[in-house]
Amino acid sequence: MGIPWREITAVAATGSALCSVTLRRRGVGELCSVFGIMWMAQAAAWWLWTTFVYARYLSPLRHLPQPPGAHWLLGHFWEIVSTEPGAAYQQWTASVEHEGLLRYMFAFNRERLLVTSPEALGEVLVSKCYDFEKPLTVRNLLAPMLGHGVLLAEGDEHRVQRRRLNPAFHYRQVRGMYSIFWDKARESVEAMTAACNAAGGERVLLVNSMASRTTLDIIGLAGMGVDFGAIGDEANRLAQTYMRLMQPSWQSFAMSVLGGWLPPGVLRRLPMQRNRDLSEAAQTIRSVCRDMVRNKRMQGAGDKTPSQGDDEADIEAEPDLLSVALGSGFSDDVLVDQLMTFLAAGHDTTASALTWVMYLLARHADKQQRLRDEVRAKLAPISAADGMGAVTCSDVEGMPYLRAVCNEALRLFAPIRQTFRQAARDTTIQGLPVRKGTFVVLAPCVTNLDPTLWGPDAADFRPERWLSACPDTPQPEKTDTRPTASGGASSNFAFLTFLHGPRSCIAANFARAELACLVAAWIGRFDFALADASMADAANLRFRRTPSAIPLQGMPLRTRVVDGW
């Protein structure tokens, strides 16, 4: 519940105007004094009311289970910021008895509602999804990097954007991009092979750095038809811009907290280095995106749009997402915002997922070897000449263990560990009144590991849960081959990585296909092992405080070339 700046200012202005009329005080200084006094009095009264009265005695959520140890003024704030992102939620849901709804207090006793049960998640994400919007605070913080695209749009604007962009992420469109995914996977493999060979065949590599540059190149080609060349150039301008944005700092943390109290215009004008970095980065990214839209327009892409009577199967897929979006009726300014969303969200989250797949396989050498065996049995060597090393959608989808490994990694280490919503109007969740402005927290890092949904081994890396065992097989763990969509969970909402409903990830199919190609290529060529043995214990992992789950040290892994592929 942020400060109602507009309302307070309007009342103060009205009050000072009335005073000038009734008291006949028309001096500018006197009017400003009256305005200032009335404004400060209202702000102080509002703060005292919301901090010490409403949440404690009047909120309809006050009877919900709440974690112990809340500070009288700061609530559970320090517990949240002093632990890894999402760790406090995991601890609370494991130790506090609840039925899928848990209240905790943020700084200055601002209450927040943690939603974990499938039934409640179904309401927030599906049946009442437009009752819950991304908080304005979050949108203002992310907009310089993401633009005002489909990810940050709300209400009718989101409905329109989503409908127009759906064709760009249709299965038919994604299916035609496997060659791009595989070509860039091959390029990254060759770059990593060269680095390893220069050190005698084995070297410690920062996996997240290569993952980020690879996925940036992929979204450049698949999204806009432009090769950024980031794989072979660590100093790539665009890659460095995103790296600067993802660097954790006390200023970025301070801005995320102040965003709940200060108007966006004031927040952006604070004399902080983070603001200068954001401004420069936004100009760079927006300039790149604007150039790409202009160039595509000049090439005439998107001019041919299918009629309603065309058979979708007979329509040739466009070469990239931008070509599809150009035919959607968006203005160039809106297209620039969509490209900013594609670039940031489309490469950062997949890079995070790829990093965690490699980490998990480095911890589990037997599963890594099983996957390598499947890849080498199904695919021609990645370096094969005359096109024999190319792959198709059918090739990748024909590897059930690859899919199982990717699903399990996405479950255990969701790229977005937590996401926020804010009630756009008075509504309910499971019959509980939720007032307009209430913050709602959805935590994949909690739901994806919930033992009540996934069983007692919920925290274990077990790709086999995504495979259906043949009933008459004596050793199903080794011989099952049939994929299962649920992973054995008791609810569809147990897997929250891509969310669900109208606000689910529009690029989920794209991300899954890209991730599968990269994992197959990397594991087919390399053996990965932990460079730091202490990281075998997940409790020792440290995350950057960024929207995506990125390891603090970039995930150094001992990488060795495995001959024969």
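Can you find, among Met40, Pro271, Ser468, the residue farthest towards the positive end of the dipole of the chain? Put +1 on the C-beta of Lys and Arg, -1 on that of Asp and Glu.
Met40
In degrees between 0 and 90, to the nearest 10, how far off the longest principal axis of the chain does helix 28-48 point, with axes built from Cα atoms?
60
Whole number please: convex hull volume per residue, Cα atoms of the chain, in Å³. Intermediate results must be reported in sequence, preceding the final value.
Values: hull volume 106.6 nm³, N = 565.
Taking the convex hull of the Cα positions in the chain, it is 189 Å³ per residue.
Could you go through the stretch 543-552 in sequence order and give the Karplus-derived ³J(HN,Hα) for each residue, using 6.51 cos²θ - 1.76 cosθ + 1.60 with θ = phi - 60°, rounded to whole Hz, and x for Gly and Pro?
10, 6, 8, 10, x, 8, 7, 10, x, 4
Which ordering of Arg163, Arg139, Arg525 is given by a fewest-first count of other beta-carbon atoms within 10 Å? Walk me through the intermediate numbers first.
Working: Arg163 10, Arg139 19, Arg525 28.
Final ranking by Cβ density, sparse to dense: Arg163, Arg139, Arg525.
Pull up the DSSP beta bridges for the chain and report the antiparallel fraction as a percent, rounded to 5. Walk me through the numbers on the way to the answer.
Working: 29 of 33 bridges.
In the chain, DSSP labels about 90 percent of beta bridges as antiparallel.
Output wanted: per-residue J couplings in Hz (rounded whole) for the stretch 76-85, from phi through Karplus 6.51 cos²θ - 1.76 cosθ + 1.60, θ = phi - 60°, x for Gly and Pro.
Once rounded to whole Hz, the list reads 9, 4, 5, 5, 6, 7, 8, 10, 5, x.
Considering only the other residues whose Cβ falls under 12 Å of the Cβ of Asn140, what net charge follows from Lys and Arg at +1 and Asp and Glu at -1?
On the way: positive: Lys134, Arg139, Arg268; negative: none.
After counting each charged neighbour, the total is +3.
Classify the stretch 158-311 from the C-alpha gyration tensor, please: rounded if a/c falls under 1.5, else prolate or oblate depending on whether a/b exceeds b/c. Mind dumping the intermediate values first?
Values: a/c = 2.18, a/b = 1.06, b/c = 2.05.
Oblate, since a/c reaches 1.5 and b/c is not below a/b.
Suppose every Lys and Arg Cβ carries +1 and every Asp and Glu Cβ carries -1, with no other charges. What dipole size does the stretch 202-289 come out with about its Cα centre, to the nearest 20 debye? If you can, show how the numbers build up before the last one.
Details: 9 positive and 7 negative charges, 94 e Å.
That gives a dipole near 440 debye.
Once phi is turned into θ = phi - 60°, what whole-Hz ³J(HN,Hα) does the Karplus curve with 6.51, -1.76 and 1.60 give for every residue of the stretch 447-460, x standing for Gly and Pro?
4, 5, 10, 6, x, 6, 9, 10, x, x, 9, 4, 8, 8
So what's the back-of-envelope 222 nm ellipticity for the chain, counting only DSSP H runs of four-plus at -39500 (n - 2.57) apiece and dividing by all residues, rounded to 500?
Details: 23 runs with 270 residues, N = 565.
About -14500 deg cm²/dmol.
Which of the listed residues, Leu165, Val257, Ala222, is farthest toward the dipole's positive end in the chain, when Lys, Arg count +1 and Asp, Glu count -1 at the beta-carbon?
Working it through, the farthest residue towards the positive pole turns out to be Val257.
So, with +1 on the Cβ of K and R and -1 on the Cβ of D and E, and no other charges, what is the size of the charge dipole of the stretch 63-212 about its Cα centre, to the nearest 20 debye? Mind showing how you got there, number by number?
Numbers: 15 positive and 16 negative charges, 121 e Å.
It comes to approximately 580 debye.
Using the charge dipole of the chain (Lys, Arg: +1 at Cβ; Asp, Glu: -1 at Cβ; taken about the Cα centre), state which of Ala459, Tyr401, Val391 has its Cα farthest towards the positive end.
The residue sitting most towards the positive pole is Ala459.
Report, in degrees rounded to the nearest 10, the 0 to 90 angle that the Cα long axis of helix 155-165 makes with the longest principal axis of the chain.
20
Taking the Cα centroid of the stretch 170-206 and of the stretch 227-241, what is the distance between the two, rounded to the nearest whole Å?
15
For the stretch 81-160, give the magnitude of the charge dipole about the Cα centre (Cβ charges: +1 Lys/Arg, -1 Asp/Glu; no others), in debye to the nearest 20.
On the way: 7 positive and 11 negative charges, 53 e Å.
I would put it at about 260 debye.
Can you tell me how the stretch 128-168 classifies by the Cα gyration tensor, rounded, prolate or oblate, using a/c under 1.5 as the rounded cut?
Working: a/c = 2.96, a/b = 1.24, b/c = 2.40.
Note, shape of the stretch 128-168 comes out oblate.
Taking H as built 1.01 Å from N, whose amide H comes closer than 5 Å to the amide H of Phe543, not counting residues under 5 places away?
So Phe543 has HN proximity to Leu552.
Going by Cα centres, the stretch 513-565 and the stretch 79-126 are how many Å apart?
29
Tell me, Cys129, Cys289 in order of fewest to most beta-carbon neighbours within 10 Å?
Placing the least packed residue first, the sequence is Cys129, Cys289.
Using only the Cα atoms of the stretch 38-80, build the gyration tensor, take square roots of its eigenvalues as a ≥ b ≥ c, and label the shape rounded, prolate or oblate: rounded if a/c is under 1.5, else prolate if a/b is larger than b/c, else oblate. Could you put the intermediate results ahead of the total?
Numbers: a/c = 3.81, a/b = 1.68, b/c = 2.27.
Oblate shape, in that a/c is at least 1.5 and b/c is the bigger or equal ratio.
Bear in mind these aren't lab numbers, they're just calculated from the coordinates by the rules spelled out. Just so it is clear, the structure is predicted and the values come from calculations on it, not from any experiment. We place every Cβ from the backbone using ideal geometry, glycine too, and count neighbours over all the protein chains shown.
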